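Engineer: Could you have a look at this structure, given as structure tokens, before my questions?
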Amino acid sequence: MIRVGFIGVGGMGRYQAKSFAQVKGCAVVAGADIADEALAKFSAEHPQAALYSDYRKLLAGPNLDAVVIAVPTGLHRKLAEAALRAKIPVLLEKPMARTVAECHSLIETERKTGTLLMIAHCRRYDPHWGAWGRAVKSGRLGAPILWRHVTAGIGPGRWFMDDKLGGGPLFDGAVHNYDFANWLFGDPVSVLASAIKLDPKVTAIDTASAVVRYRSGHQLLVSWSWSAQGCNLHDIIGPKGFIQFGTGGVKVSEAARRKHSYCCFTDAKGKQSLIRSRPAEQMYIRQARHFLDCIRGEAKCQTPGTESIKAIAVAEAIQKGGERWVKW
């Protein structure tokens, strides 16, 4: 039985704990948070778990084999390094850290302590994204590929829109795209970006657009806002066809929609076929299971810091604006 504690038991921390509780061979044994309300909600869901208002007491407590950290991004390096120095394996929420320099510090601490650091880039464990990603990798769309994701809405606010703590949508939200594109396309090489500030009350960049270019010749286009209302465009296009999220023009029963997630592939002649997968919600359970397998030595970590730092490098380049080479 692997005994797991959780530092930061707000919305994401509690969701992670719920996922871990569903994995065989795991016990949720502790939670830490500075907010009494968050601790109360966590305790209601995991009454057997010890509660701490100070994460250092959780790390020093008995009967702990691993820790999940889900606090504001600006605090990631400090808390994760404390856990690694205590020789406790860490699953650290994405983004890995607020800067590339902080990522390097985490990687070095992991190396010195010989303790596992896994980054929670959940989309790499998502059956839905994995299904369309494998279709792209198979060559069905041809090459080069352009992945486009344009979205707008009122963001989560709070620390997410604080520049030092969260970094805004192009840092905290679109980091999923950067990391998955690194898996899909290979190493990023450069970024062309521009930002526009729509809400003067927040300190983070709230709206920006960017094209990320890869050594393989593929590109990722992202345009995100957390300060405006707007539509959502999400597709992957290539010379042999394109993939769109949803069922396209193919009819699917309501019962089937409840059981599966879908993307629609349209070939160069206009013929449509569905890419079916299990629901995306299972990605957190799959991620938790992989983390525990890594602790047992039964798997090689799929989202190590040495890979996740590349997504932070892309995010930094976008936030600096203009055309920049990606360095990590």
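Any read-out appearing in this document is the output of simple, stated calculations on the displayed coordinates, not a laboratory observation. Only a predicted model underlies this, so the values are computations on that prediction, with no experimental measurement involved. So basically every Cβ, Gly included, is an ideal-geometry build from the backbone, and we count neighbours across all protein chains shown.
Engineer: Rounded to the nearest 0.05, what FRET efficiency do residue 3 and residue 269 give with R0 = 45 Å and r taken as the Cβ-Cβ distance? Could you check? Could the numbers behind the result be given before it?
Structural biologist: Numbers: r = 56 Å, r/R0 = 1.24.
Given R0 = 45 Å and the Cβ-Cβ separation, E is 0.20.
Engineer: Output wanted: per-residue J couplings in Hz (rounded whole) for the stretch 220-231, from phi through Karplus 6.51 cos²θ - 1.76 cosθ + 1.60, θ = phi - 60°, x for Gly and Pro.
Structural biologist: Taking θ as phi minus 60°, the curve returns 10, 10, 10, 9, 10, 9, 10, 9, 8, 8, x, 8 Hz for the stretch 220-231.
Engineer: List the residues whose amide H sits under 5 Å from the amide H of residue 26, counting only those 5 or more places along or on another chain, with H placed 1.01 Å from N in the peptide plane.
Structural biologist: 2
Engineer: Another question about this same structure. How big is D for the stretch 169-293, in µm² s⁻¹ as a whole number, if Stokes-Einstein is applied with the Kirkwood radius of its Cα pairs at 20 °C and 1.002 mPa s?
Structural biologist: On the way: Rh = 17.2 Å.
Answer from the Stokes-Einstein relation: 125 µm²/s.
Engineer: Using modelled backbone amide H atoms (1.01 Å from N, in-plane), which distant-in-sequence or interchain residues come within less than 5 Å of residue 120's amide H?
Structural biologist: Amide H neighbours of residue 120, under 5 Å, 5+ apart: 92, 93, 94.
Engineer: Here's another thing I want to ask about it. Compute the separation of the alpha-carbon centres of the stretch 117-183 and the stretch 277-327 and state it in Å as a whole number.
Structural biologist: Here the answer is 10 Å between Cα centres.
Engineer: List the aspartates and glutamates whose Cα lies under 16 Å from the Cα of residue 240, skipping any in the same chain that are fewer than 8 positions away.
Structural biologist: Leaving aside aspartates and glutamates fewer than 8 places away in the same chain, those within reach of residue 240 are 267.
Engineer: State, as an integer percentage, the relative contact order of the chain based on alpha-carbon contacts under 8 Å between residues 6 or more apart.
Structural biologist: Working: 707 pairs, mean separation 62.9, N = 328.
Relative contact order here is 19 percent.
Engineer: What number, rounded to the nearest 500 deg cm²/dmol, is the helix-based mean residue ellipticity at 222 nm of the chain, given -39500 (n - 2.57) per DSSP H run of at least four residues and division by all its residues?
Structural biologist: Details: 10 runs with 108 residues, N = 328.
Rounded to the nearest 500, it is -10000 deg cm²/dmol.
Engineer: Turning to a different aspect of this structure: At 0.36 nm per residue, and after removing the present C-alpha to C-alpha distance, how many nm does the segment from residue 48 to residue 216 gain when stretched out fully? Show your work: numbers first, answer last.
Structural biologist: Working: separation 168, 0.36 × 168 = 60.48 nm, distance 5.01 nm.
Contour length minus the Cα-Cα distance gives 55.5 nm.
Engineer: Taking N as the number of residues in the stretch 103-250, what is its Cα Rg relative to 2.2 N^0.38 Å? Could the numbers behind the result be given before it?
Structural biologist: Working: Rg = 16.9 Å, N = 148, 2.2 N^0.38 = 14.7 Å.
Dividing the Cα radius of gyration by 2.2 N^0.38 Å gives 1.15.
Engineer: What FRET efficiency, computed as 1/(1 + (r/R0)^6) with R0 = 51 Å and r the Cβ-Cβ distance, is obtained for residue 150 and residue 112, rounded to the nearest 0.05? If you can, show how the numbers build up before the last one.
Structural biologist: Details: r = 42 Å, r/R0 = 0.82.
With a Förster radius of 51 Å, E is 0.75.
Engineer: Once the Cα atoms of the stretch 160-225 are picked out, what are the Rg and Dmax in Å?
Structural biologist: In Å, with Rg to one decimal and Dmax whole: 12.6, 40.
Engineer: Another question, then. Tell me which residues come under 5 Å, amide H to amide H, from residue 168 once H is placed; ignore anything under 5 positions away on its chain.
Structural biologist: For residue 168, the qualifying residues are 162.
Engineer: Which pairs break 26 Å Cα to Cα here: 201/320; 137/197; 271/310; 57/94? Walk me through the numbers before you get to the answer.
Structural biologist: Values: 201/320 20 Å; 137/197 36 Å; 271/310 37 Å; 57/94 24 Å.
Distance filter (> 26 Å) returns 137/197; 271/310.
Engineer: For a quick check: sort 276, 123, 134, 296 by the number of other beta carbons within 10 angstrom, fewest at the front. Let's see the in-between values first.
Structural biologist: On the way: 276 16, 123 20, 134 13, 296 10.
The most exposed by this proxy come first: 296, 134, 276, 123.
Engineer: Counting DSSP beta bridges with both partners in the chain, what percentage is antiparallel, nearest 5? Spell out each step's value before the answer.
Structural biologist: Values: 41 of 68 bridges.
Antiparallel bridges: around 60 percent, rounded to the nearest 5.
Engineer: Test of understanding: what is the full-extension gain from residue 324 to residue 18, defined as 0.36 nm times their sequence separation minus their Cα-Cα distance? If you can, show how the numbers build up before the last one.
Structural biologist: Details: separation 306, 0.36 × 306 = 110.16 nm, distance 4.03 nm.
My answer for the length gained is 106.1 nm.
Engineer: Something else now. Using only the alpha carbons of the chain, what is the convex hull's orientation-averaged projected area in square nanometres?
Structural biologist: Details: hull surface 68.5 nm².
That works out to 17.1 nm².
Engineer: Report, ordered by chain and residue number, the aspartates and glutamates lying within cross-link reach of residue 18, taken as a straight Cα distance under 13 Å and ignoring same-chain residues fewer than 8 apart.
Structural biologist: By straight Cα distance, residue 18 reaches 45, 281.
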